[in-house]
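The block underneath contains the structure these notes are about, expressed in C-alpha cells.
The values are calculated or read from the model by the stated rules, or taken from the named source; none is laboratory data. Not measured: the values here are computed from a predicted model. Cβ atoms come from the backbone with ideal geometry, glycine included; neighbour counts cover every protein chain shown. The accessibility values were calculated without ligands, DNA or RNA, using every heavy atom of the protein model including side chains. Shrake-Rupley method; radii C 1.70, N 1.55, O 1.52, S 1.80 Å.
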Amino acid sequence: MRKLLLLTLVPLYLWADAHLFVFHRFDDTRHPSTNTSTQTLRAEFEYLKKNDYEVISLKKLHQALKRGEEISDKWVVFTIDDSFKSFYENGLPLFKEYHYPFTLFIYVEATVDHYGDYMSWEQIRESSRYGEIGFHSYAHPHLVSMSDEEIAKDSKKGLKVMAEQLGYKPKYYAYPYGEYSLRVRKQLESFGFDLIINQNAGAVDKNSDMYDLDRTALTGANNIKVKLRTKTMPTTWINPKDWPKNGKISKLKATLPQEVKRVEYYISGYGWKVAQVNNAHLDIKIDKRLKMHRTRLFLKSGNRQSSLMLVKP
Ligand SMILES: [Zn+2]
C-alpha cells in the first residue's frame, strides 16, 4: 500500500535521462588527455553498482528511443572510441568482470594497416562476444572539410572491410573527433545507421534525436557522479544551426522549455554569460567572431543543458 502511494506521488519519469559515456585509452599514461586508469574505472563501476545504475547496450537504448518509450534515469551506456589495444588489454577484463556491455567504435584503417597501438581483427572479434561493434570511419578524417563524395567513399570503404572481417554491417556511427555539420550528418544518415553519436557533453531522453545523440567523455579529471546529474533541456536551436559563413554569430536564437526564464550560455573562447528568456524564446544580439575552428555552444538552466558543435569547413 505504502509503495503504491509512493509510486503515484513521485513523478518517476520527470526529465528521465540516460547517460552515454565515451572512453579512449586505458592505463596508457603516455596520453593523459584520452586515458582512463583502471583504478578510476573500477571506482566508477563500483559507484554505479552501489547506486543501482543499469549499464545497458546501445541496442536497448535504440529500441526504447524507436518505440518512444520512457528512458530510465538509471541507464548508463558505455562506448569506447578508436579500438586502441589498451582497451583489449586493460579495459575489457574489467567490463567482463562486471558483466557491463559496451560498444567499441572501430577506426578501420588502423587495424587494416596494423598501426602499433590498435587492436587486431581477432581482438575485435573476441571483444564482440562481450559488447557491440560500431563504426568510427575508415581513415578517421576531419569530415567537415571533406566533400560529400569523399565522406561517402570513406564510409563505403570502411563498411566493406567490416562486413568482410565481422560478417555484418555495424548499426552505429560515432563521428571522428566528434566533428560534424548538418551536411555531414545528412551524408551519414543515408547509410541507414540506427544511431549516430556525437561527443557533446549531455544526456539522452525519450525525445532525443537518434542521429545526434550526446555523449560525455570520461577521461582525465571528469567525475561520473557529477556527469550523471546532467539532464537534457529540450531546445530548438534557430540561430546558429551550423558554422556561420562569415565566421560570426550575430544573434543567439532558440526555443526553450516554457518554465525556463533565465539561461546561461557558453561559446568557446568567450566563457559563460547569462540571458533572459521571454516566453520560451531566447533571442539576443551577441556579435561574436568565432575564435576556435571547433566551437562549442551550451545553453544551461540548473542541471539541464543543450549543446551544439560548430566546425569550420
Ligand atoms: Zn576517434
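So, of the residues in the range 130-155 that are within 22 Å of LEU61 (Cβ to Cβ) and open to solvent by 20 Å² or more (accessible area, probe 1.4 Å), which turns out to be farthest from the ligand (Cβ to nearest atom)? Across the range 130-155, the extreme among qualifying residues is TYR130. Among the residues that make up the range 238-257, is at least one of them open to solvent by less than 70 Å² (accessible area, probe 1.4 Å), under 29 Å from SER37 (Cβ atoms) and in contact with an Asp or Glu (Cβ under 9 Å, 6 or more places away or on another chain)? Within the range 238-257 (the criterion being open to solvent by less than 70 Å² (accessible area, probe 1.4 Å), under 29 Å from SER37 (Cβ atoms) and in contact with an Asp or Glu (Cβ under 9 Å, 6 or more places away or on another chain)), the answer is no, since none of the residues qualifies. Screening the range 182-296 for strands (runs of 3 or more DSSP E) wholly inside it with 2 or more residues that are over 22 Å from ALA16 (Cα atoms) returns the ranges 236-239, 248-255, 262-267, 271-276, 281-289. Of the residues making up the range 98-125, just one is free of Cβ contacts under 8 Å to residues at least 12 places away in the same chain and within 27 Å of LYS49 (Cα to Cα), namely HIS99.
Taking the stated definitions as given, is VAL77 away from the ligand (no atom under 16 Å from the Cβ), among the β-branched types (Val, Ile, Thr) and within 19 Å of LYS59 (Cα to Cα)? Yes; evaluated as a whole, the condition is true for this residue. If the condition is being in a helix (DSSP H, G or I), in contact with a helix residue (DSSP H, G or I) (Cβ under 8 Å, 6 or more places away or on another chain) and within 15 Å of the ligand (Cβ to nearest atom), then the range 156-181 contributes GLY158, PRO176. In the range 98-129, which residues are out of contact with any Phe, Trp or Tyr (no Cβ under 9 Å at 6 or more places or on another chain) and either within 15 Å of the ligand (Cβ to nearest atom) or modelled with pLDDT of 95 or more (or both)? Of everything in the range 98-129, those that are out of contact with any Phe, Trp or Tyr (no Cβ under 9 Å at 6 or more places or on another chain) and either within 15 Å of the ligand (Cβ to nearest atom) or modelled with pLDDT of 95 or more (or both) turn out to be ASP113, HIS114, TRP121, GLU122, ARG125, SER128, ARG129.
Taking every residue in the range 222-251 that is on the phi < 0 side of the Ramachandran plot and pairing it with any residue that is of a type in the set (Asp, Glu) and exposed (fewer than 14 other Cβ atoms within 10 Å of the Cβ), at least 6 positions away or on another chain, the pairs with Cβ-Cβ distances below 8 Å are LYS248/ASP287; ILE249/ASP287; SER250/ASP287.
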